[in-house]
Structures are given as structure tokens and as C-alpha cells.
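The values are calculated or read from the model by the stated rules, or taken from the named source; none is laboratory data. Since we're looking at a predicted model, the values are computed, not measured. When we count neighbours, we look across all protein chains shown, and the Cβ atoms used for this are built from the backbone with ideal geometry, even at glycine. In case anyone asks, the SASA skips ligands and DNA or RNA and just uses the protein heavy atoms, side chains included. Shrake-Rupley method; radii C 1.70, N 1.55, O 1.52, S 1.80 Å.
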Amino acid sequence: MMLHQRTGPANPANLPSARFFADVGITANMRVLDVGCGNGDLSRMIAELVGPDGEVVGIDRSEAALAAARGMTPTAEAAPISYQAVDLSGEFPDLGEFDAIVGRRVLMYLPDAAATLARLAKLSRRGTLMAFQEHARADLPGGPDELPVHRQCYDMMWDTVAAEQGDVTLGYRLANLMREAGFAIEQARSEGILFHPWEESFLPTLARLMLPRMIERGVVRDGEIDLDGLARAIDDERRAVKGTIFWDLAFLVSGRFQSAE
Ligand SMILES: C[S@@+](CC[C@H](N)C(=O)[O-])C[C@H]1O[C@@H](n2cnc3c(N)ncnc32)[C@H](O)[C@@H]1O
């Protein structure tokens, strides 16, 4: 039973994950590493896939995120999950070998994702599965009408990732980087993240979550953004648009370890 209470709409950027990670070859009894696990949303999904005789290890550098993850209770049919503080930009502690390594929206935040993938290759044996969902900055949002408020949010958010030394092209480069780390690519596809005019938008929640990071990185000044006003403007714009808003691009890539180059 999950104890987590969600207050607003779900993040539509997570919608491709259930389909993708269930379809890459994660099976019962596997030992799986979730890289940059955050509050463990993906770890819990994987724990259901590998079942009670499997094992999931979630690693992240944020103690706050790990504390939130540890506060959730997995189902009886799910694998046990352990969470550990690890900085993906440094050397890893001894984590053992894994049957599968997964991650969602994490490589894009690293200044040197190739170096992290090389370290992950050392936790792999021939046949170890790797599957990541990452995103990239594109010329979005798109739609049938002009979307100035959504566009302003999109630019502020990606400018923040860039200012944090993240790689805003990571989604486009994901398959190449995995190949260079020794993984033969099995699936590589992209899925659009959509907002519909009739559905409450996740965007005000996202803006609220990201505002401290935007201020810290100087993308906006403290006091410059009125979150309630922005939420109203986002809602007005999505209600008025005569079609679907194409908000973001998810890249979904899986492969199997052959050997390090
Ligand atoms: C957008 S969140 C995604 C969380 C989770 N994968 C999910 O999809 O729910 C990005 C996560 O990457 C973690 N992260 C970013 N840079 C990191 C690093 N250098 N080492 C470890 N974790 C890192 C952050 O702490 C955060 O929890």
C-alpha cells in the first residue's frame, strides 16, 4: 500500500514510463539499480515487476529525496527496496553486480553523463539490461495556437537545467552514450508529453517545484514571478487553446551490456 498522498494532477512526463519499463525485459527475481531514484517512484514500479524474490537498489545524492522514498511502503508482492546516498558524479561505493540498471530524468542533470555511464558499465555483466527515460530541449511547446505563457515556462525551466550544468540535449544523445558505454541498443523511441485543454495542468505544480532552483540560478529574480498569477495564466491559456499542447519530448532507450569499448 502506498502511503503517498498526491495533491495535484500527476506529472504527464511519467506516463510513458509504465509502458516502457514494463516492455524492456525486466523480469521476476532480477536485481535492479535505479539511478537517481529521487522519491522512489520508478524504484517502486520496478519492484512490482521483479516481484518479492527480486531486489531493487535506489541511489541518489539527495538525502531529502531518499528520506521521502524510505517513507513509502511497497506492496507485499513487490521486491524489497534499499536506498543509498551516492553522488553519480563521483566514484561509486561497492554496490555489487546488477541484472538491470534503470533511471528516469537523471543523466540530463549530470555535467558528464558519459563518465557516469562508464561507472555503471562496471556494475554490469554481459547481458545486463540498461533502460533510461531522458528528455531534451526542443522547439516547444507546440500547438494550434500561440502559447506565450507555456513558452515562457518552457524557456525558464530549460534555462534552469542549462544553468545547473545539465545537458539539455541529453535525450537526443542517450542512445549514442549508451552504445559508447558498451550497451547494444534494443529499443530507442521518443514520446510526446501532452497537455489537453480539458485537464487540470501539471505545469503550475512544476513551476512551483522549480521556482527555488530558478531563483538560485538567476533565471528569475526573487519576487519576479507571482506563482498564483502564473497558475491562472497557464490555466487560461490551456482552456483557450483549440487542441492539444505538445509540451515535452521523452526519449526511451534500452540496451544490453556487451563489453566496454
Ligand atoms: C527529476 S529527479 C528524477 C527522480 C526519479 N528518477 C523520478 O523519475 O521520479 C532527478 C533526480 O536526480 C538526482 N540527481 C541529480 N544529480 C545527481 C547526482 N550527481 N548524483 C546523484 N543523484 C543526482 C536528484 O537528486 C533527483 O532526485
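Stretching the chain fully between Thr169 and Arg208 yields a gain of 11.6 nm (0.36 nm per residue, less the alpha carbon separation). Could you work out how far the C-alpha centroid of segment 65-126 sits from that of segment 204-219, in angstrom? What the calculation gives is 25 Å, centre to centre.
Couplings 3J(HN,Hα) for segment 38-50, derived from phi with the Karplus relation 6.51 cos²θ - 1.76 cosθ + 1.60 (θ = phi - 60°), are x, 7, x, 4, 6, 4, 5, 4, 5, 4, 5, 5, 8 Hz, where x marks Gly and Pro. Ellipsoid fit via the Cα gyration tensor, segment 143-216: semi-axes of 28, 19, 11 Å, each the root of five times an eigenvalue, largest first. Extending 7 Å from the Cα toward the beta-carbon at both Arg125 and Ala231 defines two label points whose distance is 5.1 nm.
Accessible surface area normalised per residue over the chain is 47 Å², counting heavy atoms of protein chains with a 1.4 Å rolling probe. Placing unit charges on the Cβ atoms only, positive for Lys and Arg and negative for Asp and Glu, gives segment 1-121 a dipole magnitude near 440 debye about its Cα centre.
Other residues within the sphere of radius under 10 Å centred on the Cβ of Trp198, judged by their own Cβ, net out at 0 (K and R +1, D and E -1).
Pairs of Cα atoms in segment 165-252 fall into 5 Å distance bins, from 0 up to the last occupied one, in shares of 3, 11, 15, 16, 15, 15, 12, 7, 4, 1 percent. Among Ala240, Ala47, Ala85, the largest mean-square fluctuation in a Gaussian network model of the chain (Cα springs under 10 Å) belongs to Ala240. Shown in residue order for segment 115-124 are the 3J(HN,Hα) couplings computed by the Karplus curve 6.51 cos²θ - 1.76 cosθ + 1.60 at θ = phi - 60°: 5, 5, 5, 5, 5, 5, 4, 6, 8, 10 Hz (x for Gly and Pro).
The alpha-carbon positions of the chain define a convex hull whose volume is 125 Å³ per residue.
For the chain, the longest principal axis of the C-alpha atoms and the axis of helix 170-180 are separated by about 10°.
Looking only at Cα atoms, what is the convex hull volume of segment 1-84 per residue, in Å³?
Output value, Cα hull per residue: 92 Å³.
Computed over segment 60-120, the P(r) curve from all C-alpha pair distances, binned at 10 Å from the origin, holds 17, 49, 30, 4 percent per bin.
Computing Rg and the Kirkwood Rh from the Cα coordinates of segment 87-128 gives a ratio, Rg/Rh, of 0.94.
Across segment 1-147, the convex hull enclosing all Cα atoms gives 140 Å³ per residue.
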